[in-house]
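Trainee: I'd like to ask some things about the structure below.
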Amino acid sequence: MMIGGAGMLLAASPAQAADISYKTECVPPAISGLPAVQGTTQVQLTAPAEAKVGDTVEVVWKTVQAASSNPGVLDLDKDTVKPTGTVKLGGAATGDLKMEGPRQNPAIPKNSPMILPDMKGSLKLEKAGELTLTPDAYSINVSKPISTDTKCTPKETVRPGATIKVTDGGTGTTTGGTTAGGTTAGGTTAGGTTAGGTTTAGGTTAGGDAGGPTSGGTTSGGSTSGGTTSGSTASGGTTSGGSGGTTDFPGKEVAVDFACKSPGPASIASKVTINAKKNGGSYGLTVKTAKGVMDSPAALPAGALKPSMQIVVGGADKGSVTVTGPGNAKPLETGKPVDLPDMTGTYKPGASGSSTLTPGALTIDVTLGGAKINIPCTVTGTPKASLTLDTTAQEGGASGGGSTGSGGAAAAGGTASGGGLAATGADDHGALRALGLVAGTAILLGGAVFTFTPWRRLRAGR
């Protein structure tokens, strides 16, 4: 089942809707220290009753009743609430359909029900039969005064909320991968032809003479002449060639979950891309995070906020690389979105072979009036590698220990690479959704906890 938004959304027959209720446990942000809330979620799923193989259909999740209410701590402002959720697929397809709603809500007073906007998701139908849709877990993000998430999961077996009868349209089945949240990841196919009607999806075919058909996978660097280049796929990004003269190696966007310590948020869900540019035997790294959905908790002058990250080296090589970003170029306004700048550093290989680069620990440093606030965030789970490189050992390289970052200091820490991480519901454009810095008093959704930080004193001393 292809999940995502490629193609026109179709509703070949009248839509159906049904209300489903299920017992739910909602967990407030860990930093609040409050116990989980037990409640009932009532959902109405809307989907076409019938469609054809190859159609892309839209599913709508309407939250009639959320399991948790807005506690008696804070009146939530208009357009500060954003839900994400999951619909389980069954029957003619299996897997998860990611649902997402806009940040759109009326003002919600204290001690009143949460009013959530409708969530939507689209999926491409690939197999005939009856396809069932069952509401599952969901998360409620509140952006102000800091970004927090309340996560709600079913505590009983949930029955399907809608069924789509998928008929064979007679045009064959379109196969493909998964596109999460409407974004198709990957580059372009260059230097070759697509043979036999097979579509080469994702990755970049680059370098050398393409003298024959190119089929599947990702091939980069080296020289291909007079034959077929088979699609050997590199894990987590582009594999660099040895003799083709390629110097730029784009990484793959990967989802990463972070757990942060006070005064930061309890967790961050982000997407990260690691790109490399070869320079002699070393690689200059550029690490990109999302754009535009980290809200500033207070007015900050230019240069006050700086990010850094540990990049974990795995595979043939071992160690880590520190990448750092500059301070914010312009002053930041309270409550306005903040873009984290690109972070850069240098990776010198310490071993020859296939080496992976994986996002590790993230740190946000804020400096005001000579005082510093440090927000450390460590990786949870096992994120995928963003980039794989064919490396050649260099004297003084990374193997066996920390490597040198852009600032010249030894980098340590991070999280071991490997494995996979399920989609976390991050924004379609790879947004860093959940990062909020505590300003003055932090009031957390789901928690009547007031956490005082040096922020107010720092502002007073400016």
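Table: residues versus (1) in contact with a strand residue (DSSP E or B) (Cβ under 7 Å, 6 or more places away or on another chain); (2) open to solvent by less than 60 Å² (accessible area, probe 1.4 Å); (3) part of a strand (DSSP E or B); (4) modelled with pLDDT of 90 or more.
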| residue | (1), (2), (3), (4) |
| --- | --- |
| 12 | yes, no, no, no |
| 21 | yes, no, yes, yes |
| 35 | no, no, no, no |
| 39 | yes, yes, yes, yes |
| 44 | yes, yes, yes, yes |
| 62 | yes, no, yes, yes |
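Trainee: Report, ordered by the first and then the second residue, all pairs with beta carbons closer than 6 Å, sequence separation of six or more or different chains, a first member in the range 120-139 that is within 22 Å of residue 157 (Cα to Cα), and a second member that is among the small types (Gly, Ala, Ser) and open to solvent by 30 Å² or more (accessible area, probe 1.4 Å).
Mentor: Qualifying pairs under 6 Å: 130/91; 131/91; 132/91.
Trainee: On to the next question. Looking at residue 51, is it more than 28 Å from residue 156 (Cα to Cα), in a strand (DSSP E or B) and open to solvent by less than 50 Å² (accessible area, probe 1.4 Å)? If you could, list the steps in order and put the result at the bottom.
Mentor: On the way: more than 28 Å from residue 156 (Cα to Cα): yes; in a strand (DSSP E or B): yes; open to solvent by less than 50 Å² (accessible area, probe 1.4 Å): yes.
The answer is yes for residue 51.
Trainee: Looking at (1) modelled with pLDDT of 90 or more; (2) open to solvent by less than 70 Å² (accessible area, probe 1.4 Å), can you tell me which one residue 73 breaks?
Mentor: Against the list (1) modelled with pLDDT of 90 or more; (2) open to solvent by less than 70 Å² (accessible area, probe 1.4 Å), residue 73 comes up short only on (1).
Trainee: Condition first: farther than 15 Å from residue 318 by Cα, open to solvent by less than 30 Å² (accessible area, probe 1.4 Å) and touching a Ser or Thr at 6+ places or on another chain (Cβ under 6 Å). Now tell me which residues in the range 343-382 satisfy that.
Mentor: Just the residues of the range 343-382 that are farther than 15 Å from residue 318 by Cα, to begin with: 343-345, 361-382.
Then drop every residue that is not open to solvent by less than 30 Å² (accessible area, probe 1.4 Å), which leaves 343, 345, 361-362, 364, 366, 368, 373, 375, 377, 379.
Within the range 343-382, 343, 345, 361, 379 meet the criteria.
Trainee: Filter the range 72-99 down to the residues that are within 19 Å of residue 144 (Cβ to Cβ) and either in contact (Cβ under 8 Å) with a residue 60 or more places away in the chain or more than 26 Å from the chain's Cα centre (by Cα) (or both) and list them by number. Steps first, answer last, please.
Mentor: Looking only at the range 72-99, we keep the residues that are within 19 Å of residue 144 (Cβ to Cβ), and these are 72-84.
Of everything in the range 72-99, those that are within 19 Å of residue 144 (Cβ to Cβ) and either in contact (Cβ under 8 Å) with a residue 60 or more places away in the chain or more than 26 Å from the chain's Cα centre (by Cα) (or both) turn out to be 72, 73, 74, 75, 76, 77, 80, 81, 82, 84.
Trainee: Go over the candidates 94, 134, 148 one by one and state the one that is of a type in the set (Ser, Thr, Tyr), out of contact with any Phe, Trp or Tyr (no Cβ under 7 Å at 6 or more places or on another chain) and open to solvent by 30 Å² or more (accessible area, probe 1.4 Å). Explain how you work it out, then say what you get.
Mentor: Values: 134 fails: open to solvent by 30 Å² or more (accessible area, probe 1.4 Å); 148 fails: open to solvent by 30 Å² or more (accessible area, probe 1.4 Å).
Result: 94 is the single residue among 94, 134, 148 that is of a type in the set (Ser, Thr, Tyr), out of contact with any Phe, Trp or Tyr (no Cβ under 7 Å at 6 or more places or on another chain) and open to solvent by 30 Å² or more (accessible area, probe 1.4 Å).
Trainee: Somewhere in the range 68-82, is a residue in a strand (DSSP E or B), among the basic types (Lys, Arg), out of contact with any helix residue (DSSP H, G or I) (no Cβ under 9 Å at 6 or more places or on another chain) and closer than 26 Å to residue 159 by Cβ?
Mentor: Step one: filter the range 68-82 for residues in a strand (DSSP E or B), giving 69-70, 76, 81-82.
Cutting the leftovers down to among the basic types (Lys, Arg) gives us 82.
After this cut, where a residue has to be out of contact with any helix residue (DSSP H, G or I) (no Cβ under 9 Å at 6 or more places or on another chain) as well, the list is 82.
Those still in the list that are closer than 26 Å to residue 159 by Cβ too: none.
No, the conditions are met nowhere in the range 68-82.
The values are calculated or read from the model by the stated rules, or taken from the named source; none is laboratory data. Note that the structure is predicted; figures quoted are calculated from it, not measured. FYI the Cβ positions are ideal-geometry reconstructions off the backbone, even for glycines, and counts take in every protein chain you see. Quick note on the areas: whole protein, heavy atoms, side chains included, nothing else; ligands and nucleic acids left out. Shrake-Rupley method; radii C 1.70, N 1.55, O 1.52, S 1.80 Å.
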